[in-house]
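The values are calculated or read from the model by the stated rules, or taken from the named source; none is laboratory data. Owing to the predicted nature of the structure, the values given are computational and were not obtained by experimental measurement. FYI the Cβ positions are ideal-geometry reconstructions off the backbone, even for glycines, and counts take in every protein chain you see.
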Amino acid sequence: MSEQLQTQLDIAWAHDGGAYSLASKLGTSDGYAKFFIRMVKRGVRQVRPFDADLCREVKARIKAGERQTDVALSCGYPPASMKFLLQRGVNKVIDLYLLGQSVPQVAEETGLPVSTVRCRLFAAGVLRTRAEGVKLAASQGRLGSGFRGKNRIFTDEHKASIKAKKLERGEKQAKGSRVTQSGYREYTRGEHKGRLEHVVKMEQRLERPLKEDECVHHIDGDRLNNEDNNLALVTRSGHGRLHKREDAIKGTERARNNNGTWS
């Protein structure tokens, strides 16, 4: 509500006519517009957020003998709006919430629906984020077991222990390889992590890295069969001719894809 009133007050400050024309701009009655004109004359430019502090101040000033209309206008609120907020008990909802109660706790104490409490807190701009709510509940001991909402401090020894356990679990459960989208087997652990298995095996057989123009051919066409007797070292140009010859024997016709590869 305070944001809407602030927008209306800004319009009133920019307006240089009477209440009738201002009411037309605001889409309200003439009487409602007159209150904004009175705020402008009093020099009120800011609508104060309707929170617990404002509620206590308003109640104290009214109790001290000030007219509710004057108090409301000085805070940037038309009297009807201020009276509505006070009668609906928004001050009590916000007070309980700011004292550390959760939305369900406030709803239980005030007898209001949870959705109504949350809506009023959101309108007042004091609704906590989920993370803030969890931390507050944890500090009050209102969470279950575990470490939700609590900051854990890990020592170097604890970190080393976690790392060792994860590595141990990986050694026991990880497969150590995967099949790529191209159909080749790739190492996922160890010193050859990220390299293709048939390339590594050929380099081990040759006792040297492959040259730039060399590649490995699977003799039986099975890209997952990386037995030594199924791997042949060929040049890249020779590899292309070899596959073309195999396709001709099989009667397979291939066409280039949009990215330049062969289907």
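A few comments on the model shown:
- The set of residues in segment 190-242 that are over 24 Å from S177 (Cα atoms) and touching a residue at least 12 places away in the same chain (Cβ under 8 Å) comprises D213, V234, T235, R236, S237, H239, L242.
- Of all residues in segment 13-63, exactly one satisfies the criterion of being acidic (D, E), in a loop (DSSP other than H, G, I, E, B) and without any contact (Cβ under 8 Å) to a residue 24 or more places away in the chain, namely D16.
- Identity of the residue in segment 31-70, at pLDDT 80 or above and acidic (D, E), that ends up nearest to S81 (Cα to Cα): D70
- Tally of residues being touching a residue at least 40 places away in the same chain (Cβ under 8 Å), surrounded by 16 or more Cβ atoms within 10 Å (Cβ to Cβ) and farther than 22 Å from L143 by Cβ across segment 102-125: 2
The rows are residues; the columns are (1) over 20 Å from Q105 (Cα atoms); (2) at pLDDT 85 or above; (3) not assigned by TED's automatic domain parsing to the domain that holds L98.
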position	(1), (2), (3)
R120	no, no, no
A123	no, no, no
V126	no, no, no
G149	no, no, yes
D156	yes, yes, yes
S161	yes, yes, yes
